[in-house]
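The values are calculated or read from the model by the stated rules, or taken from the named source; none is laboratory data. On a predicted model such as this, the values are computed, not experimentally measured, just so you know. Neighbour counts run over all protein chains shown; Cβ positions are idealised from the backbone, glycine included.
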């Protein structure tokens, strides 16, 4: 059994109870041997309704094989709404840094990786603001919740013309204020302080249009943030590691190379 820890031992902010789905947790995949090692927090997708298993442990094992410690985030999903998942992700990064010595991690090399709606969570975390922070409860909250890099796989980014309606509804509710919709469209959150990004998508994604990645890449470029973007001609949404898709499967090798270039 893989070890896991709850993010808030005394209960998460705005938690409705103490059942499993009320208690966000971090599944640990540290590396043995001499460190410190770079680390990545993984946010599986699932439309803010669930967390897809194939975008969790298998991705952690891939990162481990690449020499990177991995941590799968079981963040809160519907009926929880914004900012619960974002608070979970920022807390996860802080915990990885807080336990860096115990887990053999370099606190200066902690990234975030997200798929689909988990990609939206990763991008929102990388562009988070102080107003979205949870109240500090312990020493871990003295750490930075900003990731050093972001990896976004077929991400939900925009809640405008190219939105994924299900993610929007579950994150913000059926009739959200337009100002909040714009605020949570990640392309509107990018600044010069946003960490470097690696993105990949398929051009014919029928669930989350490729324009989501294109909009984010353009926003990064306008702010002078380094990024690498790969758009593969075809492939269904939710490919994960894409082992059954020879073309899109290239993304893992391309991402490993990019991570090395970032010092990971």
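When residue 208 is tested against the conditions (1) surrounded by fewer than 23 Cβ atoms within 10 Å (Cβ to Cβ); (2) in contact (Cβ under 8 Å) with a residue 24 or more places away in the chain; (3) farther than 24 Å from residue 70 by Cα, the lone failure is (1). Filtering the range 13-47 to residues that are assigned to a loop (DSSP other than H, G, I, E, B) and touching a helix residue (DSSP H, G or I) at 6+ places or on another chain (Cβ under 7 Å) leaves 13, 14, 15, 16, 24, 30, 31, 36, 44, 45, 46, 47.
The rows are residues; the columns are (1) surrounded by fewer than 17 Cβ atoms within 10 Å (Cβ to Cβ); (2) modelled with pLDDT under 95; (3) part of a helix (DSSP H, G or I).
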{"site": "122", "(1), (2), (3)": "no, no, yes"}
{"site": "125", "(1), (2), (3)": "no, no, yes"}
{"site": "128", "(1), (2), (3)": "no, yes, no"}
{"site": "134", "(1), (2), (3)": "no, yes, no"}
{"site": "145", "(1), (2), (3)": "no, no, no"}
{"site": "148", "(1), (2), (3)": "no, no, no"}
{"site": "163", "(1), (2), (3)": "no, yes, no"}
{"site": "170", "(1), (2), (3)": "no, no, yes"}
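Figure legend. Inter-residue proximity from the range 1-24: first residues on the phi > 0 side of the Ramachandran plot and in contact (Cβ under 8 Å) with a residue 40 or more places away in the chain, second residues surrounded by 12 or more Cβ atoms within 10 Å (Cβ to Cβ) and outside any loop (DSSP other than H, G, I, E, B), beta-carbon distance below 9 Å, spacing 6+ or different chains. Indicated pairs: 14/84; 14/87. Every listed requirement among (1) surrounded by fewer than 20 Cβ atoms within 10 Å (Cβ to Cβ); (2) touching a residue at least 40 places away in the same chain (Cβ under 8 Å); (3) not in a loop (DSSP other than H, G, I, E, B) is met by residue 112 save one, (1). Contact map, the range 44-65: residues that are more than 23 Å from residue 209 (Cβ to Cβ) paired with residues that are part of a helix (DSSP H, G or I) and at pLDDT 95 or above, Cβ distance under 8 Å, separation 6+ or inter-chain. Pairs shown: 62/252.
When the range 66-109 is examined, which residues are found to be within 16 Å of residue 27 (Cβ to Cβ), assigned to a loop (DSSP other than H, G, I, E, B) and either at pLDDT below 95 or in contact with a strand residue (DSSP E or B) (Cβ under 6 Å, 6 or more places away or on another chain) (or both)? 68 - this is the single residue of the range 66-109 that is within 16 Å of residue 27 (Cβ to Cβ), assigned to a loop (DSSP other than H, G, I, E, B) and either at pLDDT below 95 or in contact with a strand residue (DSSP E or B) (Cβ under 6 Å, 6 or more places away or on another chain) (or both).
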